[in-house]
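**Student:** Just passing along the structure, written as structure tokens.
The values are calculated or read from the model by the stated rules, or taken from the named source; none is laboratory data. Every value quoted in this text rests on a predicted model; they were computed, and no experiment measured them. We place every Cβ from the backbone using ideal geometry, glycine too, and count neighbours over all the protein chains shown.
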């Protein structure tokens with residue numbers, strides 16, 4: 001990339017002035033996100049009366065078992081259909097970005113994956129990717145459809161109180177995108193995610209979205 005394609009170069013003093021202007025906007029957005037999170041904590045809840053059936057590494061499990069003794073449960077619906085050889089690069093890169101679960105567990109929160117595929121299909125892929133996140137099969141159950149994931153991906157949040165489960169939150173698409181550490185880190189860089197939908201200066205490297213994604217063991 002030529003220097004002509006770069007944004008203008010300034011002195012450190014000028015840079016600090018511009019950085020402070022952007023910082024004011026960033027702080028405003030942070031306060032807006034805090035306010036949104038406060039609203040999210042006050043969303044009404046829906047009681048889940050059915051106890052769904054899953055299969056995990058330790059055998060059969062109910063929805064209440066997925067909490068693993070904790071009060072809060074985050075479920076990521078990983079795209080993997082029965083019999084399909086498709087391995088979702090988006091879901092896989094999202095799970096690559098999940099850190100050590102001890103930090104969630106310290107706040108009484110469990111995190112699990114759920115897919116419609118049978119466990120025999122899930123386990124080899126989990127081993128290949130080197131993940132330790134609990135992953136359950138909902139094969140033959142309507143769990144994905146009942147909680148808005150269908151054949152796609154999504155993230156549901158549940159609360160357990162006196163062995164009664166409540167659904168508190170759901171998001172998908174860019175709502176899940178926002179949680180990814182790699183995207184958030186790339187958003188801090190000059191080139192960003194380098195995808196065509198982004199508003200970047202002329203000459204910045206860009207490619208169509210999704211096309212650059214790989215499983216983490218498939219990058220050159």
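Every residue, every condition in (1) under 17 Å from residue 112 (Cβ atoms); (2) at pLDDT 95 or above; (3) over 11 Å from the mean Cα position of the chain (by Cα), yes or no:
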residue: 157; (1), (2), (3): yes, yes, yes
residue: 160; (1), (2), (3): yes, yes, yes
residue: 179; (1), (2), (3): yes, no, no
residue: 185; (1), (2), (3): no, yes, yes
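**Student:** Output the residues belonging to segment 118-128 that are surrounded by fewer than 17 Cβ atoms within 10 Å (Cβ to Cβ) and touching a residue at least 40 places away in the same chain (Cβ under 8 Å). Explain how you work it out, then say what you get.
**Tutor:** Going residue by residue through segment 118-128, those that are surrounded by fewer than 17 Cβ atoms within 10 Å (Cβ to Cβ) are 118, 120, 123-124, 127-128.
Of everything in segment 118-128, those that are surrounded by fewer than 17 Cβ atoms within 10 Å (Cβ to Cβ) and touching a residue at least 40 places away in the same chain (Cβ under 8 Å) turn out to be 118, 123, 128.
**Student:** Among 21, 60, which is within 19 Å of residue 141 (Cα to Cα), over 25 Å from the mean Cα position of the chain (by Cα) and loosely packed, with under 11 Cβ neighbours inside 10 Å? Full working, then the answer.
**Tutor:** Values: 21 fails: within 19 Å of residue 141 (Cα to Cα).
Only one candidate passes the filter, namely 60.
**Student:** OK, next. Restricting to segment 123-175, what's the tally of residues that are over 30 Å from residue 218 (Cα atoms) and in a strand (DSSP E or B)? Write out each step before concluding.
**Tutor:** First, pick out the residues of segment 123-175 that are over 30 Å from residue 218 (Cα atoms): 140-143, 145-148, 157-170.
Now restrict to residues that are in a strand (DSSP E or B): 157-161, 164-170.
Matching residues across segment 123-175 total 12.
**Student:** For segment 11-115, which fully contained strands (runs of 3 or more DSSP E) count at least 3 residues that are touching a strand residue (DSSP E or B) at 6+ places or on another chain (Cβ under 6 Å) and modelled with pLDDT of 95 or more?
**Tutor:** Numbers: elements: 46-48, 53-56, 59-62, 72-77, 109-115.
Those strands (runs of 3 or more DSSP E) span 46-48, 53-56, 72-77, 109-115.
**Student:** Show the residue pairs meeting these rules: Cβ distance below 6 Å; 6+ apart or different chains; first residue within segment 94-117 and at positive phi; second residue surrounded by fewer than 20 Cβ atoms within 10 Å (Cβ to Cβ) and modelled with pLDDT of 95 or more.
**Tutor:** Matching pairs, first to second residue: 108/70; 108/71; 108/72.
**Student:** Among what's in segment 163-181 and is touching a residue at least 40 places away in the same chain (Cβ under 8 Å), in contact with a helix residue (DSSP H, G or I) (Cβ under 7 Å, 6 or more places away or on another chain) and surrounded by 11 or more Cβ atoms within 10 Å (Cβ to Cβ), pick the residue that is farthest from residue 74 (Cα to Cα).
**Tutor:** Step one: list which residues in segment 163-181 are touching a residue at least 40 places away in the same chain (Cβ under 8 Å), which gives 163-169, 176, 179-181.
Subsequent filtering for residues that are in contact with a helix residue (DSSP H, G or I) (Cβ under 7 Å, 6 or more places away or on another chain) retains 163, 165, 169, 176, 180.
Narrowing the set further to residues that are surrounded by 11 or more Cβ atoms within 10 Å (Cβ to Cβ) leaves 165, 169, 176, 180.
Values: 165: 12, 169: 9, 176: 12, 180: 15 Å.
Only one residue tops the list, namely 180.
**Student:** Go through (1) in a helix (DSSP H, G or I); (2) touching a strand residue (DSSP E or B) at 6+ places or on another chain (Cβ under 9 Å); (3) closer than 18 Å to residue 170 by Cα for residue 120 and report which single condition fails.
**Tutor:** (3)
**Student:** Additional query: Might you check whether a residue that is in a strand (DSSP E or B) and over 30 Å from residue 47 (Cα atoms) occurs anywhere in segment 185-197? Spell out the reasoning first.
**Tutor:** First pass over segment 185-197, keeping only residues in a strand (DSSP E or B): 195.
Imposing the further condition that a residue be over 30 Å from residue 47 (Cα atoms) reduces the set to 195.
Yes, segment 185-197 contains at least one residue that is in a strand (DSSP E or B) and over 30 Å from residue 47 (Cα atoms).
**Student:** Let me ask you something else. Of the residues 140, 152, which is in contact with a strand residue (DSSP E or B) (Cβ under 9 Å, 6 or more places away or on another chain), closer than 15 Å to residue 78 by Cα and surrounded by fewer than 17 Cβ atoms within 10 Å (Cβ to Cβ)? Before you say what the answer is, go through the steps one by one.
**Tutor:** Numbers: 140 fails: closer than 15 Å to residue 78 by Cα.
The match here is 152.
**Student:** While we're on this one: Please identify the pairs in which a residue from segment 60-81 that is free of Cβ contacts under 8 Å to residues at least 12 places away in the same chain has its Cβ atom under 7 Å from the Cβ atom of a residue that is surrounded by fewer than 18 Cβ atoms within 10 Å (Cβ to Cβ), counting only partners at least 6 apart or on another chain.
**Tutor:** 60/53; 62/51; 62/53
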